[in-house]
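The structure under discussion appears below in the form of structure tokens.
The values are calculated or read from the model by the stated rules, or taken from the named source; none is laboratory data. Only a predicted model underlies this, so the values are computations on that prediction, with no experimental measurement involved. Note that each Cβ is placed from the backbone with ideal geometry, even for glycine, and that neighbours are counted across all protein chains shown. Heavy atoms of the whole protein, side chains included, go into the accessibility calculation; ligands, DNA and RNA do not. Shrake-Rupley method; radii C 1.70, N 1.55, O 1.52, S 1.80 Å.
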Amino acid sequence: MAEFAGVSVSDISASASGQQHFVAAACFDPGQLRLRLPDSVEIRFDLKTAQVLRLSAVALLFVTGESKSGNEDKNSFSRALKFEFGTENESRDFCSAVEKCRHGKINGTSEGSLENGTVIVHKSKFDDKIEPTSAKMYFHYYGQLLHQQNMLQDYVRTGTYYAAVVENRIDFNGRVVVDVGAGSGILSLFAAQAGAKHVYAVEASEMAEYARKLIDGNPSLRERITVVKGKVEEIDLPEKADILISEPMGTLLVNERMLESYVIARDRFLASNGKMFPSIGRIHMAPFSDEYLYVEIANKALFWQQQNYYGVNLTSLYGSAFQGYFSQPVVDAFDPRLLVSPPTFHTLNFTNMKEEELYEIDIPLNYTATVGTRVHGLACWFDVLFDGSSVQRWLSTAPGSPTTHWYQLRCVLSQPLYVMAGQEITGRLLLVAHSAQSYTIYLTMSVKMWGPGAEQGGILQTSTGKLDLKEPYYRLSQPQPYAWAQDQQQPQQQISSLQDLSPQIQDAVDPALMQQSSPNSTAL
């Protein structure tokens, strides 16, 4: 690649010392920029951390996270340099060379000109999809031991993973394992306990340092575990894996979008006949009726019905507040008897699905109500399968099962639906990924005509909701004592004919109920 001689360089770093302005020759190696100064001092810059901003036709601002002198062993520090070139073409060629060199290409051409104000930043696939602020908060959260402890103390989660590994030693013994998003390194240690030949524990947050300490504290296992700090989208490993293990599940299975990284790791690191633990995930769904939950959410917006709040009328914001509270999915544990129909499920096969299939998940809904009641929304939970050669293990977050730190999730509709036993409920659950590492939930539920002649009928009622999985309402209560709503038909006997159904359902929520909280609806 051509050398750029006579580049006028101004060091404008706040931490810079010594010469502030100098002339240098700029040269490139794969992934690096070298500046040669007249006094034979050479400064190298890592282009993976660099940003280039065009200031004018011939001037660039070059910002890098580290630099090192070629003849001194100094600590790295951040620098900002202003480069001025003799011609616009020379400036344009330099920009092109930066991009090509950061990817290891050293025979560049004069492509890739920048408009004034445009920034060149090295990005991985993860960076292209995720907002930097979201990623920073995400890795900060999982870099703290207290949050790792919360997951480790979920004994359903941790115990199921341990059983799935040690009961399937035949899959791990003598094999190479990659632990995707290793966190504290606990799954890597399980794999080593099961006889893994070597485990690569890949962790992008600062938790990688804690994982090293934990692994070092287990001398009988540490020689077979290597902690690799970085994202699976960016790091390289010296060999293919026979086993991929990970805990990539979030609320509703897909929250935090780590499943995409799990699939990317499969494509990058897993051998063609390798196994994935887990290999399958299922999202389960069913309509539910919970009068107390509905009233609890609706009552939150009553604050905005005040007409004289320190002399201010708040009522103009009541409608927005009401919808805002219903845009939050509810995360808690609930009694499975609140379900008004048997659940259905949607399967995600991690072994063969494409990453892009996780960008938008479209699930049709179809149920038959088993009781007459008000339907307040859709309840959801998930399970995953560890398909071992010896033992198959399911990790379930279902209502009625031992509670996990994932709990369950409910999408509550602002307008309930009224159904009779035997009536068909249809709809759609659409999950659309967004750059804050979560999903927007679009829920539509409809009640179809029922009884004689229903096949000629259509939709009687429809209710829709838009919710943000990133901003749930963490109710986190344990399942409450089950109580039948006043108008709900108790399924004490099977329905022998449609004529046996009650002809009436209460038309609206009891106004008195709207003004009080049930003793069974306390949120923890």
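In the context of the full set of protein chains, residues of the stretch 386-433 present 33 Å² of accessible surface per residue (probe radius 1.4 Å, heavy atoms only). For trypsin sites (Lys or Arg not before Pro), the sites in the stretch 310-376 that DSSP calls loop and that have at most 16 other Cβ atoms within 10 Å are Lys354. Normalised per residue, the accessible area of the stretch 305-366 is 56 Å², obtained with a 1.4 Å probe and no contribution from ligands, DNA or RNA.
As a fraction of the 1.4 Å probe accessible area of the stretch 351-428, surface on carbon and sulfur atoms comes out at 44 percent.
Using a probe of 1.4 Å on the protein chains alone, the accessible area found for Glu84 is around 70 Å². Heavy-atom surface analysis with a 1.4 Å probe gives the stretch 131-178 a carbon and sulfur content of 60 percent of its accessible area.
Treating cross-link reach as a plain straight distance, find the aspartates and glutamates whose alpha-carbon is under 17 Å from the alpha-carbon of Lys213, omitting any fewer than eight places away in the same chain. Straight-line reach from Lys213, under 17 Å: Asp179, Glu203, Glu223. Accessible-area rank, largest first, for Ile280, Ile459: Ile459, Ile280, with all protein chains present and a 1.4 angstrom probe.
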